[in-house]
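A short worksheet on the structure shown next.
No lab work stands behind these numbers, since they all come straight from the coordinates. Everything numeric here is computed off the predicted structure, so don't read it as measured data. Don't worry about glycine lacking a Cβ; one is built from the backbone with ideal geometry, like all the others, and counts go over all protein chains shown.
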Amino acid sequence: MQQLLKDSRTLELTIDHKKSIVKITDKGKCDIAFVTRPSEHGEFIPFAEISLSAYVRYKGFNTTVIDTNPVIETAPTAVVTVNDKDYQAYFEYVKNTLIELNPRYIGIGTFTSDYDFVINFARRIKRYVNAKIIVGGVHSTVIPEDFIYERSPIDIAVIGEGELTLEEILKLDELSLNNLKKIKGICYFDQKQKKTITTERRELIKDLSILPMPAYEDLDMTFYAKPKKRVIGYAYYSVVPVYSGRGCPFRCNFCAANSVWGKGLSRNHAVDRIIDEIQMLVEEYKVDAIYMIDDTFTLSKERVFEFCEKIKPLNIVWAAQTRVNCINEEMIKRMKDAGCTQLTFGVETGSQRMLNLTKKGTTVQQVRDVFKWCKKHNMRTFANMMFNLPDETEEDVKLSYELYKEIKPDDFGMGLTVAYPGTELYNQYFKGKFDKSEYHLLARARSFGAGRFKLARHNLDPQELLVDFRINLKLQHLFPLSARIIFSKEYRDMIKRSYYKKDYIKNIISDLPNVLVRSSGTLFYNVIKIFPKVIRQPVIVLANNVGLKFAN
């Protein structure tokens, strides 16, 4: 693989005065170009694309990733429609790059809310580029038939993990029906029979050691490594998320992980392999922090202890997400000692009845215990919570509020439960009730309130509920989390040794007025919350309209 990288060439394209780098492995024709979609979460590395690119390159194919995140930095929402100005800039950039590369195949990842975007993009790009289009990802796995029909611009939908399937596709000289029917884990249209064909599902990769390190070299890592907010505690960190495994052994009915990765399955890379990747990111791209983004990083106590032992000498800040039933006090203590600064938990609700109904597999007492241990060992906590759970009552909401007041997480995220395809909730409540043209509504469910997406039994207004929770729970802390982090010794020490010291200082200074406004907002809301709701609510609306915030 190293030899392949030595022979790489670089194409430089400038769109709207922004430069992005596209690499292919030699001067021959590009076999497949992976194209990222515009997203509001552009600070996150496109892992699927660089993982697939690394694997097929390792197998000898010419491949690249056309990453639009550094070019289209202003996409306002997760759903960019064909009428948005950002879409036009995105399309022109991708079109010009693809014309230059002239690949045999184009690979695009899919989420349910991106369905319209992917179909429209594929149909339009085929006017300019003579390439077969392959889609993969969550929606392609759970409902591949949505992409495959007569005269669809999509040629193949990949189901499940894509590495081995893509390798077999790229080996074909042509996409004949005789060839395609032999490949496991795909969906395609049979022109002779005039019907959609779905082949046998491919087995999951048992040994992840066959996979090379993700192709970070395909990205503009200067863009991703610079200090950014949102990934850890809403403070600036030069941070890169890292996966140490795939899958989740639990069966929450609001999650599609089991549909994508297989029910109850979890596979991990060797700890040494993950440490090598982290060390490379530190040495090559000068990152200061790592976010272990596995669904449940702490499944194995022994593996966590080995990881802590081996990451500690790197002297790097890191954080992880896990579950309250997969961690104990000893693990928290060891992780903190090894540089872990924050743990994120899916608390979801304070109602044991709701935890049982959603098949979460955790208890309210486990939540209490874990947050107590985190406070004892000075481990920062982030708690995710959900409203609009099936059959949720006002009493369940009250229990959630009381629990969050009790555990006092350093920060938390809140969201309305939306049943996406691939989840048990979708199959139970919404299957057959959505047309493909309406998938984009799922990403905007929070904006529309519960409405058509309602699962709860109560009639509480979702937006008012979220505002009330944020006000009352955020105000348990005198200052926003970002301010508390910035003034901590641990954070100051990280900046002192950072390659991006100037960027940190510039960002913190530019963000200081915002931090002060939010701190003032926190004090303001602490005062206003003592008034009755009939007085408090219009004042809050007015304060928000003039920019007096309190979150983060």
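Cα centroid distance between the stretch 236-314 and the stretch 385-416, in Å?
27
Which ³J(HN,Hα) values in Hz, rounded to whole numbers, follow from the phi angles of the stretch 247-263 under the Karplus curve 6.51 cos²θ - 1.76 cosθ + 1.60, where θ = phi - 60° and Gly and Pro get x?
x, 9, x, 9, 10, 4, 7, 9, 10, 9, 4, 5, 5, 8, 9, x, 5
So, in nm, how far is label Asn120 from label Arg353 when the simple model puts each one 7 Å beyond its Cα toward the Cβ?
4.3
Nearest 20 debye, what's the magnitude of the dipole of the stretch 232-328 about its Cα centre given +1 on Lys and Arg Cβ and -1 on Asp and Glu Cβ? Don't jump to the answer; show the numbers that get you there.
Values: 11 positive and 11 negative charges, 100 e Å.
Value, rounded to 20: 480 debye.
Of the listed pairs Lys171/Lys229; Lys95/Lys454; Lys333/Lys359; Lys229/Lys336; Lys95/Lys502, which have alpha-carbon separations greater than 31 Å here? Write down the numbers at each step before the final one.
Working: Lys171/Lys229 42 Å; Lys95/Lys454 40 Å; Lys333/Lys359 29 Å; Lys229/Lys336 22 Å; Lys95/Lys502 36 Å.
Violating the 31 Å limit, Cα to Cα: Lys171/Lys229; Lys95/Lys454; Lys95/Lys502.
At 37 °C and 0.692 mPa s, what whole-number value in µm²/s does Stokes-Einstein give for the translational diffusion of the stretch 226-473, with Rh from the Kirkwood sum over Cα pairs? Mind dumping the intermediate values first?
Details: Rh = 19.2 Å.
Value of D from the Cα-based Kirkwood radius: 171 µm²/s.
Students often check this: by mean Cβ neighbours within 10 Å, which of 46-59, 150-163, 429-442 ranks highest, and how do the rest follow? Write out the running numbers ahead of the final one.
Details: 46-59: 22.1, 150-163: 20.6, 429-442: 14.1.
For the peptides 46-59, 150-163, 429-442, the packing ranking is 46-59, 150-163, 429-442.
Could you tally the net charge around Ile495, taking each other residue with its Cβ under 12 Å from the Cβ of Ile495, Lys/Arg +1 and Asp/Glu -1?
It works out to a net charge of +3.
Applying the Karplus parametrisation 6.51 cos²θ - 1.76 cosθ + 1.60 with θ = phi - 60° to the phi angles of the stretch 291-304, what ³J(HN,Hα) value in whole Hz is obtained for each residue in order, glycine and proline being reported as x?
10, 6, 9, 3, 4, 9, 5, 9, 4, 10, 4, 4, 5, 5
Assigning unit charges at the beta carbon (Lys, Arg +1; Asp, Glu -1) and nothing else, what dipole magnitude in debye, to the nearest 20, does the stretch 341-444 show about its Cα centre? Each step should come with its number before you reach the end.
Details: 15 positive and 14 negative charges, 73 e Å.
For this selection, approximately 360 debye.
Please give, to one decimal in nm, the separation of the simple spin-label points placed at Lys263 and Leu512, each 7 Å out from Cα toward the Cβ.
Taking the two extended label points, one gets 5.8 nm.
At a 10 angstrom cut-off on C-beta neighbours, averaged per residue, how do the peptides 194-200, 140-146, 270-276, 490-496 rank from highest to lowest?
Numbers: 194-200: 13.3, 140-146: 22.3, 270-276: 16.6, 490-496: 14.9.
Top of the packing list down: 140-146, 270-276, 490-496, 194-200.
Quick query: amide H of Thr341 versus all other amide H atoms, modeled in the peptide plane; which residues come in under 5 Å with a sequence gap of 5 or more or a different chain?
Amide H neighbours of Thr341, under 5 Å, 5+ apart: Trp318, Ala319.
Going by amide H atoms built from the backbone, whose H comes under 5 Å of the H on Ile232, apart from near neighbours?
none
Using DSSP, restrict attention to beta bridges with both residues in the stretch 226-473 and report what percent are antiparallel, rounded to the nearest 5.
On the way: 4 of 29 bridges.
If I count the DSSP bridges inside the stretch 226-473, around 15 percent turn out antiparallel.
Taking amide H positions as placed 1.01 Å from N in the peptide plane, with prolines and chain starts having none, which residues 5 or more places from Ile133, or on another chain, fall under 5 Å of its amide H?
The list, which skips near neighbours in sequence, is Ile106, Asp155, Ile156.
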